[in-house]
Amino acid sequence: MLPVVWLETALLDLTAITEYIAERNPAAATKLNYRLQEDAELLGELPAIFRRGPVPGTRQFVSHPNYILIYRVTTVAVEILNVVHSRQQYP
């Protein structure tokens with residue numbers, strides 16, 4: 001199992017998403033934050049089973065119908081690069 005590391009860009013994405021949702025529904029924001037972090041931890045167990053991303057060397061995991069974790073696998077860790085909305089143009 002590889003450790004999962006959140007890069008600063010992904011943490012900023014996560015913060016922005018949860019703060020936006022919290023303005024309207026704090027409980028939903030807390031639940032989504034928890035789910036995204038829990039799902040990210042699963043990537044350390046089976047990092048290669050999810051689809052390849054549009055950027056070479058990346059993969060995508062649909063954690064929630066509306067949110068996708070963008071990550072890469074290195075020899076020492078799974079690095080969460082970004083959290084994007086499913087309707088967001090990426091990259």
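See the values below:
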item	result
The range 59-89, residues that are hydroxyl-bearing (Ser, Thr, Tyr), closer than 17 Å to residue 11 by Cα and touching a Pro at 6+ places or on another chain (Cβ under 8 Å)	71
Complete set of residues in the range 20-42 that are closer than 23 Å to residue 90 by Cα, without any contact (Cβ under 8 Å) to a residue 40 or more places away in the chain and of a type in the set (A, V, I, L, M, F, W, C)	21, 29, 32, 42
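Taken together, the values in this text are just the output of simple stated rules run on the coordinates, not laboratory data. Treat the numbers as computed from the prediction; the structure is a model and nothing was measured. Positions of Cβ are backbone-derived with ideal geometry, glycine not excepted, and every protein chain shown enters the neighbour counts.
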